[in-house]
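Just below is one structure, and these are the notes that go with it.
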């Protein structure tokens with residue numbers, strides 16, 4: 001007969017045949033990041049190309065005597081730099097969703113590093129979807145005991161649909177186990 005005790009005397013198997021660590025092991029885990037189409041190198045290339053076009057065009061207008069236009073081109077470049085910088089900074093935010101046998105953890109980390117967390121009991125939680133025939137899955141939320149928290153806010157509708165399918169399967173698996 002096989003022994004259920006390791007050499008140090010600890011139980012290696014649960015008496016009912018279950019894995020004692022399975023209760024905390026994630027059934028589903030996802031990190032959701034907003035789509036960022038422009039990386040650091042892309043940002044530099046776009047800014048260099050726009051500045052070059054702006055400079056050449058400004059010089060043409062300066063030679064014709066329309067000097068205020070050069071200032072407006074400069075303002076456009078500052079506005080473009082600011083908008084792209086803000087977009088890249090916001091791209092550092094993310095959401096983390098972890099479903100285990102005992103809880104659903106939704107953590108949202110802002111681009112500043114501020115973390116917000118919501119915890120739900122998976123047995124009392126459900127997934128709420130708002131779908132549009134033309135545009136796909138518009139919003140996804142976890143609803144439990146009167147609380148509703150949006151998930152994958154910055155994801156595209158197809159990405160949101162993939163996350164919804166994974167969450168639904170995980171919740172069904174957790175509820176089936178009880």
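The values are calculated or read from the model by the stated rules, or taken from the named source; none is laboratory data. Small disclaimer: the values here were computed from a predicted structure and weren't measured. When we count neighbours, we look across all protein chains shown, and the Cβ atoms used for this are built from the backbone with ideal geometry, even at glycine.
When region 124-135 is examined, which residues are found to be loosely packed, with under 13 Cβ neighbours inside 10 Å and at pLDDT below 90?
Matches in region 124-135: 132, 133, 134, 135.
Does residue 110 satisfy the condition of being within 30 Å of residue 44 (Cβ to Cβ) and free of Cβ contacts under 8 Å to residues at least 40 places away in the same chain?
Numbers: within 30 Å of residue 44 (Cβ to Cβ): yes; free of Cβ contacts under 8 Å to residues at least 40 places away in the same chain: yes.
Against the criterion (within 30 Å of residue 44 (Cβ to Cβ) and free of Cβ contacts under 8 Å to residues at least 40 places away in the same chain), residue 110 qualifies.
Residues of region 70-90 being more than 30 Å from residue 110 (Cβ to Cβ) and touching a residue at least 12 places away in the same chain (Cβ under 8 Å), which ones? Write out each step before concluding.
Narrowing region 70-90 to residues more than 30 Å from residue 110 (Cβ to Cβ): 70-74.
Of everything in region 70-90, those that are more than 30 Å from residue 110 (Cβ to Cβ) and touching a residue at least 12 places away in the same chain (Cβ under 8 Å) turn out to be 70, 73, 74.
With the requirement that a residue be in contact (Cβ under 8 Å) with a residue 24 or more places away in the chain and within 30 Å of residue 155 (Cα to Cα), what does region 41-61 give you? Even if it seems obvious, please write down each step before you answer.
Residues of region 41-61 in contact (Cβ under 8 Å) with a residue 24 or more places away in the chain: 43, 46-47, 50-51.
Scanning region 41-61 gives 43, 46, 47, 50.
Which one is nearest to residue 110 (Cα to Cα), of the residues in region 130-160 that are free of Cβ contacts under 8 Å to residues at least 12 places away in the same chain and part of a loop (DSSP other than H, G, I, E, B)?
Only one residue tops the list, namely 146.
Please work out which residue is surrounded by the fewest Cβ atoms within 10 Å (Cβ to Cβ), limiting yourself to region 69-111 and to residues that are part of a loop (DSSP other than H, G, I, E, B) and in contact with a strand residue (DSSP E or B) (Cβ under 7 Å, 6 or more places away or on another chain).
Ranking the qualifying residues of region 69-111, first place goes to 103.
Among (1) surrounded by 14 or more Cβ atoms within 10 Å (Cβ to Cβ); (2) under 19 Å from the mean Cα position of the chain (by Cα); (3) more than 22 Å from residue 24 (Cβ to Cβ), there is one condition residue 148 misses while meeting the rest; what is its number?
Answer for residue 148: the failing condition is (1).
Taking the conditions exactly as written (modelled with pLDDT of 90 or more, under 14 Å from residue 124 (Cα atoms) and surrounded by 15 or more Cβ atoms within 10 Å (Cβ to Cβ)), does residue 139 satisfy them or not? It would help to see each step written out before you state the result.
Numbers: modelled with pLDDT of 90 or more: yes; under 14 Å from residue 124 (Cα atoms): no; surrounded by 15 or more Cβ atoms within 10 Å (Cβ to Cβ): yes.
So residue 139 fails the test.
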